[in-house]
């Protein structure tokens, strides 16, 4: 503060650099929009029909939920290959608890989440405290929990579930206002409120920053961004409301995304996680308990994998020995497409969520177009490689 | 261009009959703004042992890296003549082809490979691309004999001692038809017997016509075997002494190594020294991997309020290890001893507790250990004291920004704003960010390890000013540095460390580089 001229001069100095600095985040959102528009054109709008849009959300919910945990693991410089098996295993355990043992679905779900946490803690202990590379520990976990899952299920599908448990994935929020025809007003209002809240938040933050002389994005960009965000959310809310309203799982996802975005951006522990990934030794010498942080990111991942397992089981209305196969790849790809760095220290929750939906929209769009599963894999692989290449290229500049 | 280079050398090289095997003319090399070598000239006669001496950071290793091609042609100024021809080495392979072999202080052997595999790592005898093991074994045996080793060629490197590893390195050099052997501190980690064996071997090589350059701090060894001695200081040649022209005085070497102008490089300060603030008693630490090696040996020290205490010593003396073991046991194992602040014993069992207790440690390696380079200035400054910018675990970004801006102004960190990535700042500004980070923790005791390493003279002056301000604010300040003039310039008292112990203490007004060097050298001689 001894030199006030520095602080006031700063915004003008770097106004033009703002685009470049935030290219990564805007770039992600723009790519998602572009892909949606391309598929909307190619499929003659089928992809944006209310039924299909609801399906995209339901189909990708588990990827988004696990990507939240995976992002933090990747930010600390680790990886978790076991999430697919863990999700499948816990789905299986939940099915056994609920179907043959008739345990109440709420209690069973709680037990499943605790079990997920225990599994995460076990793997995290090897990784954080015994310093076994996470790749190896979770590769072992991938095999172990796949095997345990088949044991638990006795090599057969278990189902169907209590209808109230199914609602976790296939239910929709109840309609409070008597609706006219097939439009779900409550869902629409929630969507609009969310959009208003987000715009209000960003406006508040801008005012607060400006009043303290902090550099912010140019006004035109700010308005444009908010108009686009408001428009998209309102449009999605409108589409969803004209099918069956807001799915329960979308509410869960929304709350989790908001919570994790806040946690990673604004809390002390979130900041410390980024520091550990950016430079573990420097973090340690700054008094950060790096081992404990890594341990807890794995515990968190285990709980989220458990939740994802329940969501998948509820959606399929049965736990099958195949459930969860290959999930880890979708989840990891979502994080990397979303701008996380394989070297750790870099990555955002919003990026991982956008990455997950980008993959989901591509899967869905290509299926509608009738592109074979073989070619779909090739295209998805190339998109992953391309996204990371663009990122690395941007970093070098 | 081939005009005698003697014009540029302050002390002309004594006339000799033969042209030198190696001549380096007017070598200059900079790292960013830091000049590591300026107009260095250096000549080696065929068949001699030539010693290269100088303080840490005088440019010895840099000069040898220029010679061996680690720094390729074009990255430095000046010319290298070998066998009377100008050479332009692109990498280390080019110099090795001519028989210039360098053995670094940190041995480059692969621990889990055998002696034979290490010696013939790059050029194993082979038939049709398949390694001929019998031939390799035979040749290895012959080479080991030359260096006086009786170990089996199949022995793994990890199973033989450091002294023998050094010999294997030399055997490896011999396998490449060495003509000029460069040894960087070859006896630094050897005991007396191994050192004597190595010196004997060098003499044997001299009889066989192999030329050697030896970098060493051990002046008694140098005067014993060297034919000529070249002294470097601050990246310049001070002169070359001929050991056959008359007896060489060790004090004379020391004087040439350290003598330099100290004026106006250090800000003036009137010390206001108070009571003892920080006290360490019987501090010991062992190497984390070699648990039998005690690196810090029952060290005790006291620091008073407003006092700047320096710790001097050669590389490997245990200074950084002492500081890091103190700072939350971040180095070493089996750490024992007590530390007191204002007479109260401290719990320093982890870094978090050490920071809470009022300690701050500024690492010698700011890029590897000090900064998160991908993060901005603001996040680096708050990192060690996030509690100071947060409420109930949630960071107040405005408060954080204000803290960062305050330090940016106070420390004169040159950047566009506090949101600039620290990886893109200059060394001096990076160091100011690290200092800011530690000042924000509000420490009582500041330990600064090589606080001005690799930064330019102007930034150094600013850092010294900051250190002085801290002392004047009543903090206890400890500065570890390999640059003796720096310690003499800023410290009120200098402790001399050698092999994990304090071997001398010099009050600020009596401190000279000769005094400090003598304390170290006396100890070395007594050991041998």
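Every read-out reported here was derived from the displayed coordinates using simple, explicitly stated rules and does not represent laboratory data. Computed from a predicted model, the values in this text were never measured in an experiment. Here the Cβ positions follow ideal geometry from the backbone for every residue, glycine too, while neighbour counts run over all protein chains shown.
Mean residue ellipticity at 222 nm from the helices of chain B, using -39,500 (n - 2.57) per DSSP H segment of n ≥ 4 over the full residue count, to the nearest 500 deg cm²/dmol?
Mean residue ellipticity, 222 nm, calculated: -9500 deg cm²/dmol.
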- Task: Rounded to the nearest 10 degrees, what's the angle between the helix B:427-440 long axis and the longest principal axis of chain B, both from Cα atoms, 0 to 90?
- Result: 40
- Using only atoms on other chains, find how many Cβ atoms lie within 10 Å of each Cβ of peptide B:324-330 and report the average. 1
- Message: From the P(r) of region B:276-527, could you give the percentage of C-alpha pairs in the tail past 25 Å?
- Response: 43
- Item | Quarter of the Cα convex hull surface for region A:86-166, i.e. its orientation-mean projected area (nm²) | 5.4
- Three principal axis extents, largest first, for the C-alpha atoms of region B:438-528, in Å? 47, 27, 24
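Normalized C-alpha radius of gyration of region A:237-376, against 2.2 N^0.38 Å? Kindly include the intermediate steps, with their values, before the conclusion.
Details: Rg = 17.8 Å, N = 140, 2.2 N^0.38 = 14.4 Å.
Normalised Cα radius of gyration, region A:237-376: 1.24.
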- Among A:203-209, A:162-168, the order from most to least packed when residues are scored by Cβ within 10 Å on average: A:162-168, A:203-209
- Message: What do you get for the angle between helix B:457-472 and the principal long axis of chain B? Use alpha-carbon atoms, 0 to 90 degrees, nearest ten.
- Response: 40
- Query: Taking the Cα-to-Cβ direction at residue B:287 and at residue B:250 and moving 7 Å from each Cα, how far apart do the two end points lie in nm?
  - Reply: 2.5
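Quote the Stokes-Einstein diffusion coefficient, in whole µm² s⁻¹, for region B:168-321, based on the Kirkwood radius over alpha carbon pairs, a temperature of 10 °C and a viscosity of 1.306 mPa s. All intermediate terms of the calculation are to be shown ahead of the outcome.
Working: Rh = 19.6 Å.
This corresponds to a translational diffusion coefficient of 81 µm²/s.
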- Note on the structure: Projected onto their principal axes, the Cα atoms of region B:79-118 stretch, largest extent first, over whole-Å spans of 40, 19, 16
- Message: So for each of A:357-368, B:142-153, B:439-450 I average, over its residues, the number of other beta carbons within 10 Å; can you give me the resulting order with the highest mean first?
- Response: B:439-450, A:357-368, B:142-153
- Task: Find the eigenvalues of the gyration tensor of the Cα atoms of region A:338-393, then list the square roots of 5 times those eigenvalues as equivalent ellipsoid semi-axes, largest first, in whole angstrom.
- Result: 24, 13, 7
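So what are the protein assembly as shown's ellipsoid semi-axes, whole angstrom, largest first, if each one is the square root of 5 times an eigenvalue of the alpha-carbon gyration tensor?
Values: eigenvalues 741, 232, 150 Å².
Equivalent-ellipsoid dimensions as semi-axes: 61, 34, 27 Å.
How many Cβ atoms of partner chains, on average, are near each residue of B:370-377 if near means within 10 Å of its Cβ?
On the way: counts 5, 4, 11, 4, 10, 8, 0, 0.
Average per residue, whole number: 5.
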- Note on the structure: Residue span residue B:512 to residue B:424: 0.36 nm per residue of separation minus Cα-Cα distance leaves a gain in nm of 27.9 nm
- FRET efficiency, residue A:222 to residue A:42 (Cβ-Cβ, R0 41 Å, nearest 0.05): 0.80
- Note on the structure: Of the convex hull enclosing the alpha-carbon atoms of chain B, the direction-averaged projected area in nm² is 27.6
- Message: On C-alpha positions alone, give me the angle between the axis of helix B:397-410 and the longest principal axis of chain B, in degrees, nearest 10.
- Response: 70
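If you wrap a convex hull around the C-alpha atoms of region A:132-195 and split its volume per residue, what is the figure in Å³? Numbers along the way, then the final one.
Working: hull volume 11.5 nm³, N = 64.
Taking the convex hull of the Cα positions in region A:132-195, it is 180 Å³ per residue.
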- Query: In terms of the Cα gyration tensor, with a ≥ b ≥ c the square roots of its eigenvalues, is chain A rounded because a/c is under 1.5, prolate because a/b exceeds b/c, or oblate?
  - Reply: oblate
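Rule-of-thumb check for region A:172-246: C-alpha Rg over 2.2 N^0.38 Å? Walk me through the numbers on the way to the answer.
Values: Rg = 16.0 Å, N = 75, 2.2 N^0.38 = 11.3 Å.
Normalised Cα radius of gyration, region A:172-246: 1.41.
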- Residue mean of other protein chain beta carbons inside 10 Å, A:259-272: 3
- Message: Based only on other Cβ atoms within 10 Å, what is the fewest-to-most ordering of A:389, B:243, A:335, B:491?
- Response: A:389, B:243, B:491, A:335
- Task: Let me have the 222 nm mean residue ellipticity of chain A computed from DSSP H runs of 4+ only, each contributing -39500 (n - 2.57), with the sum over all residues rounded to the nearest 500.
- Result: -25000 deg cm²/dmol
